[in-house]
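The values are calculated or read from the model by the stated rules, or taken from the named source; none is laboratory data. The structure displayed is predicted, hence computed values, not measured ones. Glycine also receives a Cβ, built like all others from the backbone with ideal geometry; neighbour counts cover every protein chain displayed. We work out accessible area using only protein heavy atoms, side chains counted, and drop any ligands, DNA or RNA first. Shrake-Rupley method; radii C 1.70, N 1.55, O 1.52, S 1.80 Å.
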Amino acid sequence: MNINTRTSLYGVFGNPVSHSLSPAMHNAAFRQVGHDGVYLAFEIREIEAGITAVRALNIRGVSVTIPHKISIMPLLDHLDPMARKIGAVNTVVNQDGVLTGYNSDGLGAVAALKEKTEIAGQSVAVIGAGGAARAIAFGVQAEGGNVTIVNRSADKGERLAKDLNADFRPLSEFSGEDVRILINTTPLGMTPNVDATPVPADKLEPGMVVMDIVYNPLETRLLREAGARGCTTVDGVAMFVYQGAFQSELWTGQKAPVDVMKQMVLDALKK
Ligand code: NAP
């Protein structure tokens, strides 16, 4: 790596960020495409201070994660229409001092799903109604999928369903009937609670496509049971890598090396 006066700075803003896989993934992508940039993790407590730093230090691009995805929005100069619709930003591009916010989570989920299935015209159950669910549901809807929001708490689930003009079902009443694609966006099943799962195995019909956006462990209980029931499975690393690939393309203007990024993330997860 040849860091010099022309090297551009990028990073992830969040709190905590100590376990972030983004630096390994993005630096691998920069190296692969020959982009003169370096990507670091910044533990940011006050997002206002973070944005001041972006402008002062000419940080060229930022990934935004918990807890800043919403609070960063009014501090930016422009918002991409999809980020505005979702109501959250996970990517900032600094173009000559003008900061634009994007959201690549929905695009990442869609790209991961499209490796295994068509989306247009399919009935898609999105389990959860938090930030990730919002991004994914809008992304899937933009591809022509018929979304139903399935959530534990009715108020939050109904609110998201209303924003999407979609149906809502309480999680406790989920039957799996008529569902072609099921996406878990809740943290259920994530380390250390690996025995948790959002949907009992008997609700998983053979032929369903089941995606889990939890990637630690890579094979969650949901994906293990879905595989055993004859479903097609999509793991959370696929979405993570594709949302990162869209970020990288916005920053470098070059096609992202998805395979290299994925291998870097899988290697980091094994450590
Ligand atoms: P969030 O805004 O806090 O939303 C969490 C959702 O999960 C809520 O709808 C919540 O339901 C539901 N939930 C939480 N605990 C539950 C439980 N015990 N039983 C039933 N439902 C439960 O979180 P988020 O930002 O959307 O992130 C969710 C997960 O996605 C995290 O694990 C995150 O690491 C992961 N993620 C992965 C990627 C990727 O690229 N693979 C990207 C983004 C996020 P209520 O409304 O009832 O509280």
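If I build a Gaussian network model for the chain, linking alpha-carbon pairs within less than 10 angstrom, which residue out of 46, 205, 177 has the largest mean-square fluctuation?
Most flexible of the set in this elastic network: 177.
Between residue 118 and residue 249, what is the label-point separation in nm under the 7 Å Cα-to-beta-carbon projection?
Distance between label points: 2.2 nm.
Would you calculate the separation in nanometres between label points at residue 194 and residue 156, each defined as 7 Å from the Cα along the Cα-to-beta-carbon direction?
So the two model labels end up 2.6 nm from each other.
Rg/Rh for segment 76-199 to two decimals, with Rh computed the Kirkwood way over all alpha-carbon pairs.
When Rh is taken as the Kirkwood radius, the ratio is 1.01.
Calculate one ³J(HN,Hα) per residue across segment 190-197 by plugging θ = phi - 60° into the Karplus curve 6.51 cos²θ - 1.76 cosθ + 1.60, and present them in order as whole Hz with x for glycine and proline.
Couplings: 6, 3, x, 8, 6, 8, 7, 8 Hz.
Rounded, prolate or oblate, given the Cα gyration tensor of the chain, with a/c below 1.5 counting as rounded?
Verdict is prolate for the chain.
For the chain, compute the number of Lys pairs whose alpha carbons are separated by less than 21 Å, excluding pairs fewer than 8 positions apart on the same chain.
Taking the Cα cut-off of 21 Å, the pair count is 10.
Could you compute how much accessible surface residue 171 exposes when probed at 1.4 Å, giving the result in Å² to the nearest 10?
40
How long, wide and thick is segment 102-153, going by the Cα atoms along their three principal axes, in whole angstroms, largest first?
Over segment 102-153, Cα extents along the principal axes are 30, 26, 16 Å.
Under 5 Å between amide H atoms, partner at least 5 residues away or on a different chain: which partners does residue 12 have, H built in plane at 1.01 Å?
So residue 12 has HN proximity to 40, 41, 42, 63.
Scan around residue 216 for amide H atoms under 5 Å from its own, H built in the peptide plane at 1.01 Å from N, and keep only partners 5 or more places away or cross-chain.
Hits under the 5 Å cutoff: 191.
Nearest-5 percent of antiparallel DSSP beta bridges in the chain?
20
How many Å³ per residue does the convex hull of the Cα positions in segment 123-271 occupy?
It comes to 123 Å³ per residue, whole-number rounded.
Quick one: angle between helix 154-164 and the longest Cα principal axis of the chain, in degrees between 0 and 90, rounded to 10, please.
With rounding to tens, the tilt is 70 degrees.
So if R0 is 35 Å, what FRET efficiency would residue 228 and residue 71 give, r being the distance between their Cβ atoms, rounded to the nearest 0.05?
0.25
Quick one: compute a quarter of the convex hull surface over the Cα atoms of segment 52-146 and quote it in nm².
6.5
Could you tell me the calculated FRET efficiency between residue 271 and residue 165, based on Cβ-Cβ distance and R0 = 51 angstrom, to the nearest 0.05?
0.70
Could you give each residue of segment 46-63 its phi-based ³J(HN,Hα) in whole Hz, using Karplus coefficients 6.51, -1.76, 1.60 with θ = phi - 60°, and x for Gly or Pro?
10, 5, 4, 5, x, 5, 4, 5, 4, 6, 5, 9, 6, 5, 7, x, 9, 8
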